[in-house]
Amino acid sequence: MNILLVEPPYKNKYPPLGLMKISTFHKERGDEVHFVKGLDKQVRSQFWDRIYITTLFSFYWDKTIETIKYYEFSVKDPQNLFIGGPMATIMADEIEKATGFKPVKGILNQRGKLRLPNDHRIDGLVPDYGMLEQIDYKYPVGNAYFAYMTRGCVRHCPFCVVYVIEPEYIPYISLKEQVALTTEKFGEKKDLLLLDNNVLASTEFDKIIDEIKEIGFHKGARLHGSFRYVDFNQGIDLRLLTKDKMKKLAEIPIKPLRIAFDRFSLKDKYVKALRLAAEFGIKYLSNYILFNYDDSPDEFYLRLKINIDLNEEFEQAGYATRIWSFPMKYSPILGEHGKDRKFVGAKWNPRYLRSIQCILNATHGVVGPKRKFFEVAFGKNIKEFKKLLLMPDDYIIYREKHKNNGAADWNNLLSSLSSRQKEEFRNLICENQVNNGIRSKHQEINVLFSHYNKHKSHY
């Protein structure tokens with residue numbers, strides 16, 4: 001058979017692991033496999049025995065649906081166009097309604113999902129790294145083994161879909177054979193990227209770490225002179241972290257150790273975990289900070305600041321450990337805003353969210369370990385932070401350029417307002433009412449609005 005594998009034209013760091021395994025499956029059958037990313041006229045003009053289209057996040061809805069419709073007449077039999085992946089699993093009904101195709105839900109570890117003999121073994125196959133050479137798109141993370149050592153998650157977090165996509169928790173999947181076969185077919189990879197959703201929940205955790213070391217990823221390991229690293233990309237569960245488990249993690253060259261700090265209420269556990277990481281010599285910490293969910297802007301700021309305080313504490317104590325924060329805006333997976341990024345949390349407002357994105361635009365999405373950097377980007381305290389969130393986009397993004405060219409006037413005008421005028425201004429600007437041409441009875445507020453109107457295309 002002639003097989004077409006398709007990834008829609010969205011930007012992503014990691015290659016489509018599901019398609020890579022499907023490629024291996026079909027090549028083992030003797031089929032011809034072609035991989036394409038995006039919309040390709042030449043490929044579309046051909047007729048294929050089977051087409052597989054992967055999906056990712058729900059907010060890529062438009063690009064994904066466009067891709068499905070683009071290739072729907074390129075398959076010889078409509079029954080042989082398959083749609084899978086995360087979005088396909090959680091939005092199966094919506095996709096079927098929009099395209100007429102019924103998606104394949106979940107992972108490929110059950111018989112009959114692709115209507116071919118032995119299709120239940122696809123999820124356990126070695127990914128086809130060779131297919132990535134067929135496209136020009138280069139994934140930022142490339143020279144690594146991509147794998148799972150566990151499947152699923154014991155949590156049912158309402159902002160996560162893992163428990164839907166992978167409802168059964170599998171505590172151990174051996175890597176030895178997969179790594180050996182990958183090396184044999186595609187050459188040795190420098191790093192190991194594990195996509196486990198909750199490795200700390202495994203009753204075989206020690207066994208997992210020991211196997212990682214056994215396949216060549218012990219602390220200090222090198223390949224052709226370069227240090228090798230292990231990355232549990234989905235992060236580890238703070239609530240399951242113990243001193244013994246941190247000690248075990250420190251036996252492998254983990255870079256970075258990713259820990260989510262989703263709620264301010266986890267502050268004490270979070271601080272304890274990071275101090276343990278420093279104690280056991282883990283140098284690189286990456287911190288996911290979810291915002292716009294059930295948190296407040298104040299709590300968001302304080303979580304970021306905790307990392308700055310800890311970085312200074314570690315430096316003073318002589319630890320090499322440093323923390324980089326990666327704020328992540330919450331967007332619902334389903335519902336009204338499941339197909340876009342327009343959701344506003346109960347304690348947030350459109351202006352604040354827009355301003356956070358402006359700050360992250362200027363910092364390239366990263367909050368570094370240095371206090372000076374943090375205070376310039378987010379303010380020295382909550383009061384400064386909240387004031388900064390009210391500023392026009394350009395004054396935030398191009399801080400240095402505008403500090404004496406508009407921003408100073410804006411600050412002076414805001415300071416000159418009475419308490420009631422400030423409240424009125426905040427209420428209007430926080431709901432982005434400047435977009436609607438709303439004018440105040442107070443001329444001072446209207447003059448403030450003029451600073452936003454200069455750059456109205458942003459709003």
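Bear in mind that the values in this text are calculations on the coordinates, not laboratory data. Bear in mind that the values here come from a model prediction, so they are computed numbers and not experimental data. Ideal geometry is used to build each Cβ from the backbone, glycine not excepted, and the neighbour counts take in all protein chains shown.
Within the shell of other residues whose beta carbon sits under 11 angstrom from the beta carbon of Ile122, the net charge comes to +1, with Lys and Arg scored +1 and Asp and Glu -1. A cut-off of 5 Å between modelled amide H atoms, ignoring neighbours fewer than 5 places along the same chain, links Phe82 with Ile51, Tyr52, Ile53. Counting every alpha-carbon pair across segment 326-424, the share separated by more than 21 Å comes to 41%.
Modelled spin-label separation between Glu423 and Lys219, with each label point placed 7 Å from Cα along the Cα-to-Cβ direction: 5.8 nm. Shape descriptor for segment 71-150: Rg over Rh equals 1.00 (Cα atoms; Rh from the Kirkwood inverse mean 1/r). In the chain, the calculated helix contribution to ellipticity at 222 nm averages -11000 deg cm²/dmol per residue, counting -39,500 (n - 2.57) for every DSSP H run with n ≥ 4. When both bridge partners sit in the chain, DSSP labels roughly 10% of those beta bridges antiparallel.
Cβ-Cβ distance of Ile135 and His337, R₀ of 25 Å, FRET efficiency by 1/(1 + (r/R0)^6): the value works out to about 0.20.
Summarising the overall dimensions of segment 261-414 from its C-alpha atoms, the Rg and Dmax are 16.6, 51 angstrom.
Taking a sphere under 13 Å around the Cβ of Pro158 and counting the other residues whose Cβ falls inside, with K and R at +1 and D and E at -1, yields a net charge of 0. For Glu279, Glu214, the sequence from fewest to most other C-beta atoms within 10 Å is Glu214, Glu279. Distance between the 7 Å Cα→Cβ label points at His156 and Ser416: 5.8 nm.
Judged by the ratio a/c of the largest to the smallest principal axis of the C-alpha gyration tensor, segment 214-295 counts as prolate, that ratio being 1.5 or greater while a/b is larger than b/c.
Close amide H contacts of Val33 (hydrogens built in the peptide plane, cut-off under 5 Å, sequence separation of 5 or more or a different chain): Ile3.
Principal axis extents of the Cα atoms in the chain, from largest to smallest and rounded to whole angstrom, are 76, 57, 38.
Normalised by 2.2 N^0.38 Å, where N is the number of residues, the C-alpha radius of gyration of segment 139-395 stands at 1.07.
When Val161, Val367 are arranged by Cβ crowding within 10 Å, least crowded first, meaning fewest neighbours, the order is Val161, Val367.
In this simple spin-label approximation, Asp62 and Lys401 carry label points 7 Å from Cα along the Cα→Cβ vector, and these lie 2.5 nm apart. For the chain, the Cys residues with no second cysteine's beta carbon closer than 4.7 Å are Cys153, Cys358, Cys430.
Stretching His442 away from Arg29 to a fully extended chain increases their span by 141.2 nm, per 0.36 nm per residue minus the current alpha-carbon distance. For Lys41, a cut-off of 18 angstrom between C-alpha atoms picks up these lysines, skipping any fewer than 8 places away in its own chain: Lys63, Lys69, Lys76. Alpha-carbon geometry of segment 265-341: the Rg and the Dmax are 15.0, 50 Å, given in that order. Between Trp48 and Val75, Lys76, the built amide H atoms are under 5 Å apart, and every one of these is 5 or more places off in sequence or on another chain.
Eigenvalues of the alpha-carbon gyration tensor of segment 1-123, scaled by 5 and square-rooted, set the equivalent ellipsoid semi-axes at 19, 17, 14 angstrom, largest first.
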